[in-house]
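*Asks:* Starting off with a structure, shown below.
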Amino acid sequence: MRIADLQAQLIEYAKSIGVDKIGFATASPFHELKNRLRRQQELGFQSGFEESDIELRTEPLRLLDGAESIIAIAIAYPSKMKDAPAGKKGERRGIFCRASWGIDYHVAVRERLQLIEAWLAERVPDVRIKSMVDTGELVDRAVAERAGIGWNGKNCSIITPEFGSYVYLGELITNIPFEPDTPIEDECGDCTLCLDVCPTGAIVAPGQLNSQRCIAYLTQTKGFLPDEFRGKIGNRLYGCDTCQTVCPKNKGKANWIHEEFTPDPEVAKPLLSPLLSISNKEFKAKFGHVSGSWRGKKPIQRNAILALAHFKEQSAIPELIDVMKKDERPVIRGTAAWALGKIGGHEAQLALQGAKERETDAEVLTEIEKGLALL
């Protein structure tokens, strides 16, 4: 079969399995990206979650011998929640970012990549393929940009004309020399809204992110959240959408396309207080299917405590005192102590003074002192 015919048929097949955009790129090295990644490393702007070997991230031939092209796919996810519950005094709620609504996107994207792999293997006997989504070596956004899926926005997201930046990305490196697509022209213009409103100033320049300051990254860490960011996290339990929600290119992009990404409002916007005492089993049953659960319950619980402090939720004081007294994990005990100080009141003050006498962990004692100082 002619490659042009194979490519045309693949585009049709991809649509039939729920791929919203497909593009093709050469497998040549990403030279400009390599320089950018080196600079990011030098500046200490990386999160630590990404592949550390820059050569592997920028040279497809190191990942697949004989690589000729890369197939990039994008799947749109919703930006709006139907019947979203409203939090109120006594029933405060947290929020998971939109990329963690519905089924874990790693599963959804990987399923489609595997179907494309099987489809190609049936038609090209000697085909070689390496596919990846998010946790792979290649930089998904760089591949998508080269393949004409969208342009790399100032908010460090791929922005598509059809779905805005609310898309999951995946790619397949292959030894089939597909005709490459033309990259899309950048349409950000002189808009800087995403830079202007980033809560922590993590977008240091157009298209340049200091991951160490990004709330999306910070919500996934397991230690104490640095003091500087505690007042900025709001009620975010996992991820941050601010730089997407303010983007004019996302206006009107609801993307209610795939049933599997439709959020359960009680999972995407859960009540905060029950999270403080949720068991591992309960956490897995309720949140195990969403991408935001990948780091386990500890970061989510820490963030829930910070959210209760953000709301100054008086009704949570007894539960926070219980957590400060009984939880085995210093990070959770200490964060609860800080939160009690932030919320304030006589009951919180007495509890903190009592905890100061009992506590033996140095870091927790520091948080108790911070709590008392806030009072």
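Throughout, read-outs are computed from the coordinates displayed, never taken from laboratory work. Remember, it's a predicted structure, so these values are computed and weren't measured experimentally. All Cβ positions, even for glycine, are placed from backbone atoms using ideal geometry, and neighbour counts span all protein chains on display.
*Asks:* Report the local net charge at G223: Lys and Arg +1, Asp and Glu -1, summed over other residues whose C-beta lies under 10 Å from its C-beta.
*Replies:* Net local charge, G223 excluded: +2.
*Asks:* How many Å³ per residue does the convex hull of the Cα positions in the range 1-71 occupy?
*Replies:* Working: hull volume 9.0 nm³, N = 71.
Value for the range 1-71: 126 Å³ per residue.
*Asks:* Run the reach check for K80 against lysines, Cα to Cα strictly under 17 Å, same-chain hits fewer than 8 apart removed. What comes back?
*Replies:* Leaving aside lysines fewer than 8 places away in the same chain, those within reach of K80 are K249, K251, K253, K269.
*Asks:* Could you go through the range 277-284 in sequence order and give the Karplus-derived ³J(HN,Hα) for each residue, using 6.51 cos²θ - 1.76 cosθ + 1.60 with θ = phi - 60°, rounded to whole Hz, and x for Gly and Pro?
*Replies:* Values per residue, Gly and Pro as x: 10, 5, 7, 4, 5, 5, 4, 5 Hz.
*Asks:* If you project the alpha carbons of the range 111-242 onto their three principal axes, what span does each projection cover, largest first, in Å?
*Replies:* Projected onto the principal axes, the Cα atoms of the range 111-242 cover 57, 37, 20 Å.
*Asks:* Under 10 Å from the Cβ of A309, count the other residues' Cβ atoms, weight Lys and Arg +1, Asp and Glu -1, and hand me the total. Spell out each step's value before the answer.
*Replies:* On the way: positive: R230, K312, K342; negative: E313.
Residues near A309 contribute +2 overall.
*Asks:* A follow-up question, please. Mean residue ellipticity at 222 nm from the helices of the chain, using -39,500 (n - 2.57) per DSSP H segment of n ≥ 4 over the full residue count, to the nearest 500 deg cm²/dmol?
*Replies:* The helix contribution divided over the chain gives -11500 deg cm²/dmol.
*Asks:* Just to be sure I understand: if I project the alpha-carbon convex hull of the chain onto a plane and average over all orientations, what area do I get in nm²?
*Replies:* Numbers: hull surface 78.3 nm².
Spelled out: convex hull of the Cα atoms, projected over all directions, averaged, 19.6 nm².
*Asks:* Counting Lys +1, Arg +1, Asp -1, Glu -1, what net charge surrounds I278 among other residues with beta carbon under 14 Å of its beta carbon? Mind dumping the intermediate values first?
*Replies:* Values: positive: K281, K284, K286, K297, K298, R302, R329; negative: E266, E282, E319, D322, D327.
Residues near I278 contribute +2 overall.
*Asks:* What value does the range 117-194 have for Rg/Rh, both radii from Cα atoms and Rh as Kirkwood defines it? Present the calculation step by step, with values, prior to reporting the outcome.
*Replies:* Details: Rg = 14.8 Å, Rh = 14.1 Å.
Answer for the range 117-194: 1.05.
*Asks:* If I measure Cβ to Cβ between cysteines in the chain, which ones have no partner under 4.7 Å?
*Replies:* C97, C156, C188, C191, C198, C214, C240, C247
*Asks:* Hey, fewest Cβ within 10 Å first, where do V124, V139, V19 land in order? Kindly include the intermediate steps, with their values, before the conclusion.
*Replies:* Values: V124 16, V139 19, V19 22.
With the sparsest Cβ surroundings first, the list reads V124, V139, V19.
*Asks:* Need one word for the range 58-106: rounded, prolate or oblate. Basis is the Cα gyration tensor (sqrt eigenvalues a ≥ b ≥ c); a/c below 1.5 gives rounded, then a/b vs b/c decides. Could the numbers behind the result be given before it?
*Replies:* Numbers: a/c = 5.97, a/b = 3.39, b/c = 1.76.
Prolate shape, in that a/c is at least 1.5 and a/b is the bigger ratio.
*Asks:* Using a Debye calculation, one point per C-alpha and no hydration shell, please list log10 I(q)/I(0) for the range 74-177 at q = 0.12, 0.16, 0.17 Å⁻¹ in order.
*Replies:* Each listed q maps to, in turn, -0.52, -0.81, -0.88.
*Asks:* Over the Cα atoms of the range 1-146, Rg to Rh with Kirkwood Rh, two decimal places?
*Replies:* Working: Rg = 18.8 Å, Rh = 17.8 Å.
Ratio of gyration radius to Kirkwood radius: 1.05.
*Asks:* Which Rg and Dmax, in Å, describe the Cα atoms of the range 193-348?
*Replies:* Rg then Dmax for the range 193-348, in Å: 16.6, 51.
*Asks:* Related question: Only Lys, Arg, Asp and Glu count, each charged at its Cβ (+1, +1, -1, -1), so figure out the dipole size of the range 54-181 about its Cα centre, rounded to 20 debye.
*Replies:* On the way: 17 positive and 19 negative charges, 208 e Å.
Once rounded to the nearest 20, the dipole reads 1000 debye.
*Asks:* Turning to a different aspect of this structure: Which value, in debye to the nearest 20, describes the size of the charge dipole of the range 260-326 about its Cα centre when Lys and Arg Cβ atoms bear +1, Asp and Glu Cβ atoms bear -1, and nothing else is charged? Provide the component values of the computation, followed by the final result.
*Replies:* Values: 11 positive and 7 negative charges, 72 e Å.
My answer is approximately 340 debye.
*Asks:* Note down the magnitude of the dipole of the chain about its Cα centre, charges +1 on Lys and Arg C-beta and -1 on Asp and Glu C-beta and zero elsewhere, to the nearest 20 debye. Intermediate results must be reported in sequence, preceding the final value.
*Replies:* Values: 49 positive and 52 negative charges, 265 e Å.
My answer is approximately 1280 debye.
*Asks:* Just going by the charge dipole of the range 208-299, with Lys and Arg at +1 and Asp and Glu at -1 on Cβ, which of P226, W294, S277 is farthest out on the positive end?
*Replies:* Value: P226.
*Asks:* Quote the FRET efficiency, to the nearest 0.05, computed for T192 versus H31 with a Förster distance R0 of 22 Å and r equal to the Cβ-Cβ distance.
*Replies:* It comes out at approximately 0.20.
*Asks:* Contact order normalised by length for the chain, with contacts defined as Cα pairs under 8 Å and 6 or more residues apart; what percent is it? Each step should come with its number before you reach the end.
*Replies:* Numbers: 686 pairs, mean separation 73.6, N = 375.
Across the chain, relative contact order equals 20 percent.
*Asks:* Not counting the cut sites, what is the longest span of the chain without trypsin sites (Lys or Arg not before Pro) that DSSP labels loop and that have at most 16 other Cβ atoms within 10 Å? Numbers along the way, then the final one.
*Replies:* Numbers: sites that count: R2, K80, K82, K89, R128, K222, K251, R295, K312.
Between the exposed loop sites, the longest stretch runs 129-221.
*Asks:* What residue among L120, I73, H31 has its Cα farthest toward the positive end of the dipole of the range 1-124, where the charges are +1 on Lys, Arg and -1 on Asp, Glu, each on the Cβ?
*Replies:* I73
*Asks:* For the pair K251/D227, report the inter-label distance in nm, with labels modelled 7 Å from Cα in the Cβ direction.
*Replies:* For K251 paired with D227, the spin-label model returns 4.1 nm.
*Asks:* Further, regarding this structure: Whole-Hz ³J(HN,Hα) for each residue in the range 230-246, computed from phi via Karplus 6.51 cos²θ - 1.76 cosθ + 1.60 with θ = phi - 60°, x for glycine and proline: what do you get?
*Replies:* 5, x, 9, 6, x, 10, 6, 8, 7, x, 8, 10, 3, 5, 8, 5, 8
*Asks:* Shifting gears a bit: Take every Cα pair under 8 Å in the range 1-139 that's 6+ residues apart, average their separations, divide by the length, and report that relative contact order as a whole percent.
*Replies:* Working: 107 pairs, mean separation 41.7, N = 139.
Worked out over the range 1-139, it gives 30 percent.
*Asks:* Moving to a separate point now. Does the range 233-284 come out rounded, prolate or oblate by the C-alpha gyration tensor, with a ≥ b ≥ c the root eigenvalues, rounded set by a/c under 1.5 and, if not, prolate when a/b is larger than b/c and oblate if not?
*Replies:* On the way: a/c = 3.46, a/b = 1.68, b/c = 2.06.
Taking the square roots of the gyration eigenvalues as a ≥ b ≥ c, the range 233-284 is oblate.
*Asks:* For the range 270-328, treating each Cα as an identical point scatterer without solvent, what Debye log10 I(q)/I(0) comes out at q = 0.23, 0.28 1/Å?
*Replies:* -0.95, -1.25
*Asks:* Work from the charge dipole of the chain (Cβ charges, +1 for Lys and Arg, -1 for Asp and Glu, about the Cα centre) and give the residue of W151, F45, W101 farthest towards its positive end.
*Replies:* Farthest along the dipole direction, towards plus: W101.
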